[in-house]
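As structure tokens, the structure follows; a few thoughts come after it.
Read-outs throughout are calculated quantities, based only on the coordinates presented, and are distinct from any laboratory measurement. No experiment lies behind these values; they were computed from the predicted model shown. Glycine also receives a Cβ, built like all others from the backbone with ideal geometry; neighbour counts cover every protein chain displayed.
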Amino acid sequence: FLGPIRQINSVIETYPKGIAGFKRYLELLETEPDVDDAPNARRVNHLNGEIRFNDVTFGYEGKDKVLQGVNLTIRAGETAALVGPSGAGKSTLCSLLPRFYDVDGGSVTIDGMDVRSMTLESLRSQIGIVQQDVFLFDGTIRENIAYGKLGASDEEIWEAARRAQLEEMIKSLPDGLDTFVGERGVKLSGGQKQRLSISRMFLKNPPILILDEATSALDTETEAAIQLALSELSQGRTTLVIAHRLATVKNADRIIVVADQGVAEQGKHEELIAKEGVYSRLHRAQFGM
Ligand code: ATP
């Protein structure tokens, strides 16, 4: 019984689509789960975060393959920006890492260990996900930040808020950390919610990060604060960013272009522009350059 409870916990954290996502998860629970702990699954702690996709093939049930024969290595600590046409499979590639789905062929390894050989709970404890839709529950700011590490002290919470560029905002609220947010409390802006979810990640402190960068426009100041918080968060962690911002791709250690069921191109921004291939076309279409 504990298995599903733990899975619900990790889904609430990593699948923050609110009630809709939760209902969908309950529906999934009623069916045979596709992803479960192997009988001899091992707990993992303190991974370095070297990620490898080895000849990975994957398709959603009853549909054409999204990924075919993908080989990709991301070094521990590297920041890789995933770009590519809409629907090419960037999110899908990322979702194979915390095992929201299992590969149909090949394997995904972290530090040389197949993700299917680890317990789901310990695997997911090593991966932080910052999505566009942030899950906030009705409660105080303190409780919402501490969701990243249950039992975190106030000192740790303030440190996480500071690093996520949220300190000033919280201090300006009448009840500070005790301010209620959510349905009946203070409404946070999209940018504030995102920084709150980043502050949770400072507390969770995972070696691997998946960032789904916001597509919606934010004002310049908020945008800058988020960029600053994210670049500090990704320091020393293996980071996969589903990138929508020109600054992100330019600053990434490597750009990975996902197209035609796999990795079409990879390299630094200038190299890929000079190549005049998929990236350079995408870049022109997206940023008009
Ligand atoms: P975008 O930039 O638009 O977010 P993407 O590159 O992240 O796109 P994916 O979301 O990974 O692409 O989708 C790849 C393909 O898989 C698409 O054809 C999409 O419709 C399909 N797909 C994604 N999620 C599911 C799902 N849960 N069930 C079935 N098909 C899915």
Stretch gain in nm, segment GLN227-ASP34, where the contour uses 0.36 nm per residue and the Cα spacing is subtracted = 65.9 nm
At the level of C-alpha centres, the distance separating the range 242-268 and the range 36-69, in angstrom, is 21 Å
Within straight cross-link reach of LYS250, meaning Cα distance under 27 Å, which lysines are found once same-chain residues fewer than 8 apart are removed?
-> LYS90, LYS193, LYS268, LYS275
Test item: Cα-centred dipole of the chain, Lys/Arg +1 and Asp/Glu -1 on Cβ, debye = 280 debye
Residue-ordered couplings for the range 223-237, obtained by feeding phi - 60° into the Karplus form 6.51 cos²θ - 1.76 cosθ + 1.60 and rounding to whole Hz (Gly and Pro as x), are 4, 5, 5, 5, 4, 5, 5, 5, 6, 5, 4, 7, 4, x, 10
